[in-house]
Structure formats: structure tokens, C-alpha cells
Amino acid sequence: MVGFSQSQLAADGVRAGAAGLAVGLAAGITSIIGASAAFGLQGIALGAGAGAFLLPQMIRGKKSFAGATFTATAMLAGSLVAAATMILAQVPWYSVLLLALIPVAARLPLPQGAPVWLQALLCSLYGFVVAAAVCVLAWPSTQ
């Protein structure tokens, strides 16, 4: 997840920010479903930070360069929260494995010449679809 994001998303701030947003929220919500509030808050905070990186790009209409500083940090923190949730909160491994598809979803094609806010919205939506699947797979494990 970290390697793919670093090689494919680091040059595009919109895609990296949307992937970080979806990974953080998916890891946080999955942690809360698995009854680990502390890891849930860490994941949601990661998603909020990625959203804070994405929002100025949407407002200005200009893409930023994410680079290794943002991309590696966001993906590594998200994957560590998800791994800790799997071990400590008994979230199934296949739910955490599906989390690795969020950066791949952020690489899906976007409309040519679309404004930055629309690109950010669509990339986030792609990631949220995978994040919803992660949360649905984690849900039955708590019952």
C-alpha cells in the first residue's frame, strides 16, 4: 500500500489527498466497529489531516505536490492503525487487506479537463466505495 502510493500517487496531490482521506476514515471507522475507540480516533484524525491537505486544493483550483512527506506518512500511519486494529480489536484480516485497494481506487480514470474540485470529489468517492466495503466486511465480526 505504501509502495504503490509512493510510486503512483505522490506526484498528484489530489489523488494522494483523497486516498489518505479514505484510508484514514476507513481505518478509523473499522476500528470503532471493532470496539477500539483509541485507534478509531487516530484513524479519523488521519483522515481529517488528509482532508485538510485536500481542501485548499479544491478551493484554489490548483493541484499541489504531495511528495514522499505526505504520501508515505499518510499511508504508513493508516496501514499501522489498520494492522493494530486487526490484532487488538479482532477485525478480520480480509477487511484490512481490502483497505490496500483504496490507493488503487484513487488511480481510477477521471474526466479529462475536469476542475480540481470535481477530481477531488470523484477520487474521494472512489476511495469511499472501497472504504464502505471494508467497513461492511468488518461489521459481522463484532456480533
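If the condition is being on the phi < 0 side of the Ramachandran plot, over 16 Å from the mean Cα position of the chain (by Cα) and not in a helix (DSSP H, G or I), then region 98-143 contributes P109, L110, P111, Q112, A114, P115, Q143. For A37, the conditions (1) free of Cβ contacts under 8 Å to residues at least 40 places away in the same chain; (2) touching a helix residue (DSSP H, G or I) at 6+ places or on another chain (Cβ under 7 Å) all hold with the exception of (2). Scanning region 58-94 for residues that are part of a helix (DSSP H, G or I), on the phi < 0 side of the Ramachandran plot and of a type outside the set (A, V, I, L, M) yields R60, T69, F70, T71, T73, G78, S79, T85, W93, Y94. Among residues that are over 18 Å from G13 (Cβ atoms), buried (at least 19 other Cβ atoms within 10 Å of the Cβ), at pLDDT 90 or above and hydrophobic (A, V, I, L, M, F, W, C), V91 is not included.
Quick check on my filter: what residues within region 87-108 are free of Cβ contacts under 8 Å to residues at least 12 places away in the same chain and in contact with a helix residue (DSSP H, G or I) (Cβ under 8 Å, 6 or more places away or on another chain)?
Quick first cut of region 87-108, residues free of Cβ contacts under 8 Å to residues at least 12 places away in the same chain only: 87, 93, 97.
Once the filter is applied, which keeps residues that are free of Cβ contacts under 8 Å to residues at least 12 places away in the same chain and in contact with a helix residue (DSSP H, G or I) (Cβ under 8 Å, 6 or more places away or on another chain), region 87-108 yields only W93.
Residues of region 1-26 that are closer than 19 Å to M86 by Cβ, buried (at least 24 other Cβ atoms within 10 Å of the Cβ) and touching a Ser or Thr at 6+ places or on another chain (Cβ under 7 Å): A22 alone. Taken over region 74-88, the residue count meeting the criterion of being farther than 15 Å from G24 by Cβ and surrounded by fewer than 21 Cβ atoms within 10 Å (Cβ to Cβ) is 2. Every listed requirement among (1) in a helix (DSSP H, G or I); (2) touching a residue at least 24 places away in the same chain (Cβ under 8 Å); (3) not charged (D, E, K, R) is met by A52 save one, (2).
The values are calculated or read from the model by the stated rules, or taken from the named source; none is laboratory data. Please read these numbers as outputs of a predicted model, since none were measured by experiment. Cβ atoms come from the backbone with ideal geometry, glycine included; neighbour counts cover every protein chain shown.
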